[in-house]
Each structure stands twice: as C-alpha cells, then as structure tokens.
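Heads up, the thing below is written out as structure tokens.
The values are calculated or read from the model by the stated rules, or taken from the named source; none is laboratory data. Predicted, not measured: the structure shown is a model, and the values here were computed from it. Methodologically, a virtual Cβ is constructed for each residue, glycine included, from the backbone with ideal geometry; neighbour enumeration extends over all protein chains shown.
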Amino acid sequence: MTRPIPISALSLTPEDEARVLGVLRSGHLAQGPVVAELEAAFAGLCEVREAVAVSSGTAALEATLRALGIGAGDEVITTPFTFVATLNAILAVGAVARFADIDPSTFTIDPEAAAALVGARTAAILPVHLYGLPADLERLGALARRHGLALVEDAAQAHGARVGGRPVGSFGAGCFSLYATKNVAAGEGGIVTTDDAVLADRLRLLRNQGMRERYRYEVIGTNLRLTDLAAAVAVGQVRRLGTLTAARRANAARLRSGLAGLAGLRLPEEPAGRDHVYHQFTVRVVRSEGRDRDRLGAALARRGIATGVYYPRVVFDYECYAGHPGVVREEVPQARAAAAEVLSLPVHPALEPGDLDRIVAATTDALGG
Ligand SMILES: Cc1ncc(COP(=O)(O)O)c(C=O)c1O
C-alpha cells in the first residue's frame, strides 16, 4: 500500500517540542511570556507596531469588528466565497453582511463589485485572502480610504503573503488564524495585527474581560486569551515561515509545471505583485469541458491522495442563514460557479518530491491526459 498523502501536515522541529516542554515544566500554561514572543514575531512578520494574540481566527475577526465600533445598523462588505467564520463574525457583532462577487481568476473579492455595494450604512470592507492569495488590497484600500471605511483583512489563510512587497495584515487590521491546518498552526489560536495603538489597546481589553488591571473593568469584555502552551507550538513556525513558504511555493511550481495543459483543468493564478503563500493549491475542474471535481477527488482518493473542497457552496447558502436580517442575499454567479468546480490538492511543506510526482501522475491519469 502506498503512503497516504494528507491535505495538510504539521512542520514541527525538535526546538518546537523543546519549547512546548519548557512551558509545561515552567508551570505557566496561560497567557504569558511566550504569547508576548509570538506577538512580537507576528508584528515583525507583518511589519506593524502591534499584534494581539487571541483564542481563534474567528475571535480575531469578531473582536476586531467590535473594537472598531462596528455593530447594529452597520453593513460590512465581504466575499460570499469564504469559510463561515467570516460571516459569523459579522453577524456576532450585530452588523449586516453584504456580499460582493469574486473575481473568478483569483477567487478573491472583486473590488468593482465591492465598490457597487458601498452605501450610507457601510462601515467596513472585509476581504479574504483565500487559499493564501491576497485580495486586491491596493484597490480595496483605495476604496476604503475614499469612503472612510475600515479595512479588516481576513488573513486566516495567508500568513506572510504580500501585495506590492507589503505584507498582508499591514493594509488594514489583519486577522490571522492559528488553527491546526493553517500555514502557522497552534491547534487553535488567532492574532490581530495593526499599526493602530488605540485598536490594539481595545483588543487587549476585550480579550481579558475588560481589565487592564486586575478587577478594574473598563469595558465589557470576555475571555479571548491564547495560552502560552499554544503560542509555544506556533512561535518557531513564524520565525521560519520564510523557509516554510518557500517550500509551499516550490511544491506549487512543481504541480503547476506537471499539470500544465491538461484539458478541463485551470491552475491557480498569481497576479503580478500579489505573492501567493499557497495555503491551498486550488484547481478548477471545468464542468463545461466535461470534467467533474468530485470524480477527480474520488480518483485521487483511490490512490491515497487527499483533496479538499473549499468551499462547496457560497457562504450564505444554508438553511440557518435563510431569512436572517443580517444576511443580504446577492446574485453572486462567479462565486457559485467556483464553488461547483474547485478542488484543492496537497501543497504543504511536508510533501516529498515523490509525493508531488504521485499527485501529478494521478491527476493526469484521472483526466485522461
Ligand atoms: C477564511 C477563514 N476565515 C476565518 C477562519 C477562522 O479561523 P479559526 O478556525 O481559527 O477560528 C478560517 C479558518 O478556520 C478561515 O479559513
């Protein structure tokens, strides 16, 4: 039996293990010096002054919207082609989600479609850097500035990605996830990056029950703290992210050259100036050319290769959001078409050259190339 190839895998070193053990032996498991180290590493990564670690990427999004004062009566423009956390964070603060269709060549929000939704109630634009490819932050940033809107980046999948040489998470408030499968993984965790000291201060209050000093509650907060134990898993990955991302990019290049020219298969695009960090290597399996995403996924599974469908439907297309006053259903044909055709292939740094050869061969065979 050939070795199974998973869709994601951890890349931990003996130093990471020693750091975790060090925290365990210190007896200090909760938020402490290792969280502070992680925050400093993230601020460095994103070239910003402030980074605030929280308990998840979802918490990062929700707390950021709350700290920006966004809530009832406000609209947030986002993409319909995302993980549900993006939408849930908007609804959790009581705001209304408006959905701008995607640019089909990048799977990220189309700035023109976003511009068309800006109105008197718009408070923020919330692009998602899907699969590790930054949204068009230059145009979205200009749009936000023109209308005085907040820019909140859902960078859950895009640690270390750049636009025009500038890191994601430095254009607006950057909301990262440290979930177990992410490019920097802690198991669970999140972090917000910003140059805005006031926003960072509010986030620190919110995450700690509104306290700066013990039992002096300044705002109504909650517990969004990250543990030192989780931070110890992640901090080494941030420090060697350049190497980890280079491995992802090299794997993507190998897949790209091996799969080039297969009929009915579109490979991920990387527009000039937008550096992809390949959280996922997501192809389109084109229906109008007689191809079927689920058939390809099943063929790869039979040969021990895991794939993923991120995401099978547009985010608001579920019974639990039907009729919700915070969900404005828009026509989003590009997102719907993408949801029916995307398939993510393994691209993570733990892949070996033989794994990449197997993925290419199995895909080529399945598509009759
Ligand atoms: C695009 C996107 N946004 C938000 C999140 C939420 O992050 P978390 O699972 O850490 O809450 C995730 C990941 O799960 C994600 O992929």
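List of remarks:
- Enumeration of residues in the range 58-93 that are part of a helix (DSSP H, G or I), over 20 Å from Val219 (Cβ atoms) and either over 14 Å from the mean Cα position of the chain (by Cα) or away from the ligand (no atom under 11 Å from the Cβ) (or both): Asn88, Ile90, Leu91
- Restricting the range 111-132 to residues that are aliphatic (A, V, I, L, M) and touching an Asp or Glu at 6+ places or on another chain (Cβ under 7 Å), the residue that is nearest to Leu241 (Cα to Cα): Val128
- Of residues in the range 176-189 being surrounded by fewer than 23 Cβ atoms within 10 Å (Cβ to Cβ) and assigned to a strand (DSSP E or B), the one farthest from the ligand (Cβ to nearest atom): Gly187
- Among residues of the range 263-278 being surrounded by 15 or more Cβ atoms within 10 Å (Cβ to Cβ) and in contact with a strand residue (DSSP E or B) (Cβ under 9 Å, 6 or more places away or on another chain), the one that is farthest from Ala247 (Cα to Cα) is Gly264.
- Which listed residue, of Gly326, Gly297, Gly308, is more than 27 Å from Gln237 (Cβ to Cβ), touching a residue at least 60 places away in the same chain (Cβ under 8 Å) and either hydrophobic (A, V, I, L, M, F, W, C) or surrounded by 15 or more Cβ atoms within 10 Å (Cβ to Cβ) (or both): Gly326
- Complete set of residues in the range 94-129 that are assigned to a loop (DSSP other than H, G, I, E, B), away from the ligand (no atom under 16 Å from the Cβ) and closer than 23 Å to Glu341 by Cα: Asp101, Asp103, Pro104, Ser105, Asp110
- Of all residues making up the range 142-169, the number that are closer than 19 Å to His276 by Cβ and either among the β-branched types (Val, Ile, Thr) or crowded, with 21+ Cβ neighbours inside 10 Å (or both): 13
- Every listed requirement among (1) surrounded by fewer than 24 Cβ atoms within 10 Å (Cβ to Cβ); (2) within 15 Å of the ligand (Cβ to nearest atom); (3) part of a loop (DSSP other than H, G, I, E, B) is met by Ala135 save one, (1).
- Identity of the residue in the range 142-163, in a loop (DSSP other than H, G, I, E, B) and farther than 19 Å from Gly44 by Cβ, that ends up nearest to the ligand (Cβ to nearest atom): Ala156
- Applying the set (1) away from the ligand (no atom under 16 Å from the Cβ); (2) within 14 Å of Val238 (Cα to Cα) to Ala51 leaves exactly one unmet item: (1).
- Given (1) within 15 Å of the ligand (Cβ to nearest atom); (2) surrounded by fewer than 24 Cβ atoms within 10 Å (Cβ to Cβ), index of the condition Glu15 fails: (1)
Per-residue answers, yes or no, for (1) within 16 Å of the ligand (Cβ to nearest atom); (2) small (Gly, Ala, Ser); (3) in the same structural domain as Ala89 (by TED's automatic domain parsing); (4) free of Cβ contacts under 8 Å to residues at least 12 places away in the same chain:
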{"residue": "Gly174", "(1), (2), (3), (4)": "yes, yes, yes, no"}
{"residue": "Ile191", "(1), (2), (3), (4)": "yes, no, yes, no"}
{"residue": "Asp196", "(1), (2), (3), (4)": "no, no, yes, no"}
{"residue": "Ala200", "(1), (2), (3), (4)": "no, yes, yes, no"}
{"residue": "Val235", "(1), (2), (3), (4)": "no, no, yes, no"}
{"residue": "Asn251", "(1), (2), (3), (4)": "no, no, no, no"}
